[in-house]
Each structure stands twice: as C-alpha cells, then as structure tokens.
Amino acid sequence: MAGTRAAIRYAKAVLSLATDKQSAEAVNGDMQTIAKAISDNKELSNTLKSEIVKADVKKAILLEVFSNSNPITKQLFNVLMDNKRIELVESVAIKYSELYDIQNGKEKVVVTSAVPMTEDIEMKVLAKIKKLTNKAVTVENVIDESILGGFILRVGDVQYNASIANKLDKLKREFTLN
C-alpha cells in the first residue's frame, strides 16, 4: 500500500515536470515502454525487485535498457535511486500513464466477461460509453469465467454488474432472507 502511494506521488511529480517542459507525451511513451518491458521480462522484473542487486547496478541496467528515453525519464531513475525506491519504477510508470490519460481526458473502461468480446460487441460498448461520457475511451476486456455470463463494466470508480453470477447471488440472498 505504501509503495502504491509513493508510486503515485512520484508519477504526479514527473507528470508535473514533464507538462511544464512540454514533454508529457514523450515521457508517457517512455513510461508505457518501461511498464511493458518490465512486465514482459521476468528477469528484469526480478532484478529490479532483488535486495541482493545493488541500486547503482539497477540504475545502470535501466539506463542501458532505456537509453533512448527522455531526459526527464532518466532523471526519474536518478531520483528513485537516490531515495532507495528504484524497485518502484514499474509502478511509477503505470501510474504516470494513468494520470496522463486522466489529464488528457481519456478514460479506460474495463469490461469483464466470461468469454472474449467480439469486435462487434466491443464497438457497441464503445459507442454506448461515448454517449455516457464525453471522454475518449479505450476498452480493456478481462476474461473471468467465474461470472458465468453477462458482463461487469467498470468506468473509473463506477461499476455496473450485469453478470449471471451476480444475479444468482442476489436470488440466493432473497431466498435466505425468507
């Protein structure tokens, strides 16, 4: 929990600096690359989280792997190392992209369904959500077979649960009350 709060603070600071220097979009590209690279490469992830590997080695690895990054991104590596928080780099990158999207009026919508959505259904969901919110939206489809059918739609902090599992659960609660 404390790591998440710290990651948000670092991400806010980097976004503020990048916005001031008109580099927010370039830094966002770096952050997306960093988050994807660390999540896709378990060896890199484990190295960054390792207590055995020294912080200056971690920083050198980051600077080598992300050598084409914006100077602001490289400054982030320095700050994280100086504050002994280099293991937060992936979390900071993820939070930065989320904050960047919010700043630019983009909303991420998560649709949880029992089976993958077809392109047609995804387009219908996008059209409906665009009517509800004036923000640009991207749809992420999460597969969870435990919902049995239907879907769970999450837009920001609002969730609409139209899953079969939820309906069955409501019925079960009604019968146990009587």
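Quick note: the coordinates plus some simple rules give every number you see, no bench work behind them. Computed from a predicted model, the values in this text were never measured in an experiment. Heads up, the Cβs are rebuilt from the backbone with ideal geometry, glycines too, and the neighbour counts pull from every protein chain shown.
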Between Glu145 and Val57, what is the label-to-label distance in nm when each label sits 7 Å out along the Cα-to-Cβ direction?
4.2 nm
Pick from Val57, Val109, Val139: which residue has the top mean-square fluctuation in a GNM of the chain where Cα pairs under 10 Å get a spring?
Val57
Provide Rg over Rh for the chain; use the alpha carbon set for both Rg and the Kirkwood Rh (inverse mean inverse pair distance).
1.08
Relative contact order [Cα under 8 Å, 6+ residues apart], the range 106-177, whole percent
38 percent
Once amide H atoms are placed 1.01 Å from N in the peptide plane, what residues at a sequence separation of 5 or more from Val137, or on another chain, have their amide H within under 5 Å of its amide H?
Glu107
Using 7 Å Cα-to-Cβ label points, what is the Thr4/Tyr160 separation (nm, one decimal)?
2.5 nm
Springs between alpha-carbon atoms under 10 Å, Gaussian network over the chain: tell me which of Leu132, Leu80, Leu63 tops the mean-square fluctuations.
Leu132
At R0 = 45 Å the Cβ-Cβ FRET efficiency linking Asp169 and Ala13, nearest 0.05, sits at 0.60
Under Karplus coefficients 6.51, -1.76 and 1.60, residue-wise ³J(HN,Hα) of the range 112-117 in Hz, glycine/proline x
9, 9, 6, 10, x, 6
Net charge dipole size for the range 61-178 [Lys, Arg +1 and Asp, Glu -1 on Cβ; Debye, nearest 20]:
480 debye
Quick calc, the range 1-131, dipole around Cα centre from Cβ unit charges on Lys, Arg (+) and Asp, Glu (-), nearest 20 debye, gives 400 debye
